[in-house]
Amino acid sequence: MKKVNQFIIMLSLLFVVFAFSAKAQITQISQVKDVKSSDQYFHALKSMIERYGVFNEEKFRANDPLTREEFAVLLNKGLDMLEELSFSIDKNISIFDFFNSYSANETNITSFSQIKDINDRYSQYVHLESLTEKYQIDILDKDFYFRPTKTVTEKELYTWVAKIFNGSINSSPSATKAIDRGEWIIVMEAALSSVYERINNLAAKRK
């Protein structure tokens, strides 16, 4: 009986590994089930998957509202990938010269442990810790709560991205309307690509 139980446990572990591996293999936009080439966000999502490798879901759900957790995770993944790309282009170029540390409500935290409603058992712990401690970016409320499921408004998204990436807000975003994932991916891809282009231009000048 003990051997049977061990065999069942082994099969379960193999299934988990297989499922995780299968999920991690989204490398082309054609693998995303709910996206068409005519969609406004198609090229931005394609870039996020095929150039930056930071989007890894079988469904995009373009019309769903964006949450803080989604923004924070993808932002951290994007900055990590820019760091890798920058090193491969010119190891002497630091991506920290291309974006700003940013605290949405001037909480200016320096440690993940200062976030009141999140601990190291949080499913996205690695990304949030990196974003707050490595990149010194936080979007906490004034009471030091992250509230990962809280919906991001249009104004919040455009303000955060403009502040972090030295950009500007060319529209009049709503302070109450939730941003959807389709618009979010367009804004984020443009921000990451602007940094990627500046890294390439700087590297070209140094040659």
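The values are calculated or read from the model by the stated rules, or taken from the named source; none is laboratory data. Predicted, not measured: the structure shown is a model, and the values here were computed from it. Quick reminder, even Gly has a Cβ in these numbers, built from the backbone with ideal geometry, and neighbours come from all protein chains shown. Surface areas here come from the heavy atoms of the whole protein model, side chains and all, with no ligands, DNA or RNA. Shrake-Rupley method; radii C 1.70, N 1.55, O 1.52, S 1.80 Å.
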Considering residues that are open to solvent by 50 Å² or more (accessible area, probe 1.4 Å), under 25 Å from V54 (Cβ atoms) and not hydrophobic (A, V, I, L, M, F, W, C), the number found within region 125-146 is 5
Criterion violated by E129 - all others in (1) in a loop (DSSP other than H, G, I, E, B); (2) among the acidic types (D, E); (3) in contact (Cβ under 8 Å) with a residue 12 or more places away in the chain satisfied
(1)
The listed residue being out of contact with any strand residue (DSSP E or B) (no Cβ under 8 Å at 6 or more places or on another chain) and open to solvent by less than 60 Å² (accessible area, probe 1.4 Å), out of F96, F87, F60:
F60
Of the residues in region 99-120, how many are modelled with pLDDT of 95 or more, open to solvent by 90 Å² or more (accessible area, probe 1.4 Å) and either within 21 Å of V195 (Cα to Cα) or assigned to a loop (DSSP other than H, G, I, E, B) (or both)?
2
Within region 160-195, work out how many residues are open to solvent by less than 50 Å² (accessible area, probe 1.4 Å) and without any contact (Cβ under 8 Å) to a residue 12 or more places away in the chain.
1
Taking interchain pairs and intrachain pairs at least six residues apart, which have beta carbon atoms under 6 angstrom, with the first residue in region 58-84 and aromatic (F, W, Y) and the second not in a helix (DSSP H, G or I)?
F60/V32; F60/D34; F60/V35; F71/V152
